[in-house]
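This report concerns only the one structure given below.
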Amino acid sequence: TRTKLPKVGTTIFTVMSQLAAEHRAVNLGQGFPDFDVPDRLVDGLAEAMRLGHNQYAPMTGIPALRDAIAEKTERVYAHRPDAEHEITVTSGATEALFNAIHAVVRAGEEVIVLDPAYDSYEPAIELAGAVAVHVPLDPRTFAPDWQRVRDAITPRTRMLIVNSPHNPSGAMFGAADIAALTDLLRDTDIVLLSDEVYEHIVFDGARHESVLRHPELRARAFVVSSFGKTYHCTGWKLGYCIAPPVLTAEFRKVHQYNVFCTFAPAQHAFAAMLREAPEHYEQLGAFYQAKRDAFAAQLATTRLIPLPVPGGYFQLVDYSQVSDLDDAAFCRWLTIERGVAAIPLSPFYAVPPPGQRLARLCFAKNDATLEAAITRLQAL
Ligand code: PMP
Ligand code: GLN
């Protein structure tokens with residue numbers, strides 16, 4: 001048969017989690033926390049189910065949750081989106097990314113992605129009949145070279161996808177990036193898709209430069225977030241998209257016939273959680289910073305070299321002192337022979353930088369999990 005996604009296999013996250021399970025490795029590969037969801041959120045979910053919120057939610061998300069998202073956005077980014085016309089609740093960030101791409105990108109158009117890029121972008125672009133144009137980030141700092149992005153723009157460019165804090169590197173945009181991005185898009189009709197799922201996991205007092213803070217950018221942007229990352233519940237698959245009314249209207253056409261609506265009980269639980277416990281997202285950076293610092297200190301006792309982590313919950317390590325294997329082979333070897341699962345970076349690239357010896361470790365784990373991994377990594 002003629003397949004639509006000939007280059008696509010099973011995602012590296014599934015492949016490495018299966019390999020980890022098979023070999024009883026400590027799984028620092030696929031990004032998910034191994035600690036509990038906050039009690040009040042679990043209670044809120046159970047309560048919502050008991051109260052009978054078990055049928056279809058409104059297509060765009062329950063009003064209480066969209067209001068709570070508007071309120072949170074105002075509190076954090078000093079901009080209040082219109083809950084009625086600018087916010088849509090989705091089945092995780094993944095659905096939001098897919099909808100945003102399909103809402104505006106037509107066959108034959110181009111979408112610029114910055115490599116390494118999260119793996120769901122390109123298949124969604126290809127399913128739209130469009131072409132992903134890959135622009136590499138700096139192979140060490142993962143900073144964008146905005147001139148190279150500018151050079152990649154053609155009359156067919158319909159969308160640019162950005163991701164800060166960045167998966168897999170943790171790199172974050174600074175004010176200069178926002179200025180360059182704003183300048184770059186001015187006088188074009190390019191739509192910005194900003195993947196901000198790690199918005200609350202930022203360190204060292206840095207400010208997350210959400211596109212929502214910046215009027216000129218947000219006027220042309222879909223901004224995507226995920227409750228899974230913020231509330232330790234990646235399996236609940238709830239997220240949202242904020243975009244101006246015109247973009248949201250198109251977005252909702254896709255959402256409506258993709259899933260129609262999302263898991264109703266969790267919407268009630270998150271509405272209450274956002275309102276009643278803002279300290280959860282306000283303290284998330286400090287919570288993860290302690291994990292980042294403890295993990296990096298322990299890694300210093302191994303031959304893996306940790307790279308700086310400005311945000312997110314992934315630690316990149318340079319393994320060149322340990323092995324000459326390419327990253328895919330190294331991560332398989334590490335999982336099977338040394339009992340620690342990691343994610344190679346090459347699947348995040350159209351063309352991986354030659355000789356790059358980096359692997360991604362997830363530190364969204366209990367201390368005991370990280371310590372078990374370190375004991376094994378010390379033997380490398
Ligand atoms: N974007 C990025 C950068 C991610 O890391 C993830 C989750 N790994 C997603 C999107 C998808 O988020 P969700 O689980 O809410 O669909
Ligand atoms: N976003 C997670 C990661 O980067 C994985 C999500 C998934 O497994 N699809 O590890």
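A few notes on this one:
- Within segment 61-154, the trypsin sites (Lys or Arg not before Pro) that combine a DSSP coil assignment with at most 16 other C-beta atoms in a 10 angstrom radius are Arg106, Arg140.
- Computed per residue of the chain from DSSP H runs no shorter than four, each worth -39500 (n - 2.57), the mean residue ellipticity at 222 nm is -12000 deg cm²/dmol.
- Amide H within-cut-off set for Thr90, under 5 Å, with H built and near neighbours excluded: Gly239, Tyr240, Cys241
- Using only side-chain charges placed at the Cβ, +1 for Lys and Arg and -1 for Asp and Glu, the dipole size of segment 39-278 relative to its Cα centre rounds to 360 debye.
- Highest average packing first - 296-309, 9-22, Cβ atoms within 10 Å: 296-309, 9-22
- Potential lengthening of the chain between Glu74 and Arg156 amounts to 26.1 nm, from the contour at 0.36 nm per residue minus the alpha-carbon distance.
- Calculated from backbone phi, Karplus (6.51, -1.76, 1.60) coupling profile of segment 249-262 in Hz, x at Gly/Pro: 4, 5, 4, 5, 5, 6, 4, 4, 9, 8, 10, 6, 9, 10
- Leading residue at positive end of dipole, the chain (Cβ point charges), from Phe227, His79, Phe203: Phe227
- Calculated from backbone phi, Karplus (6.51, -1.76, 1.60) coupling profile of segment 375-380 in Hz, x at Gly/Pro: 3, 6, 6, 5, 7, 5
- Under 5 Å from the amide H of Val133 lie the amide H atoms of Val111, Ile112, Val113, each residue being 5 or more positions distant or on a separate chain, with H modelled from the backbone and absent for Pro and chain starts.
- In this structure, the amide hydrogen of His79, modeled 1.01 Å from its nitrogen in the peptide plane, lies closer than 5 angstrom to those of Glu74, counting only residues at least 5 positions away or on a different chain.
- Kirkwood estimate for segment 281-380, i.e. one over the average of 1/r between Cα atoms, Å: 14.0
- Simple label model, 7 Å out from Cα along Cβ direction - Val37 to Glu279, nm: 2.2
- Looking at the chain, the pairs of alpha carbons with a distance over 37 Å make up 18% of the total.
- Simple label model, 7 Å out from Cα along Cβ direction - Phe287 to Glu47, nm: 1.8
- DSSP bridge orientation in segment 39-278 - percent antiparallel, rounded to nearest 5: 30
- Counting neighbouring beta carbons within 10 Å and listing from fewest to most, the residues His232, His166 come out as His232, His166.
- ³J(HN,Hα) computed for each position of segment 133-139 - Karplus, 6.51 cos²θ - 1.76 cosθ + 1.60, integer Hz, glycine/proline x: 9, 9, 10, x, 7, 4, x
- Inter-label distance, Asn54 to Ala294: 3.9 nm, where each label sits 7 Å from its Cα along the C-beta direction.
We did not get these values from a lab; they are worked out from the coordinates using the rules stated. Remember, predicted model here, so these are calculated numbers, not experimental data. Note that each Cβ is placed from the backbone with ideal geometry, even for glycine, and that neighbours are counted across all protein chains shown.
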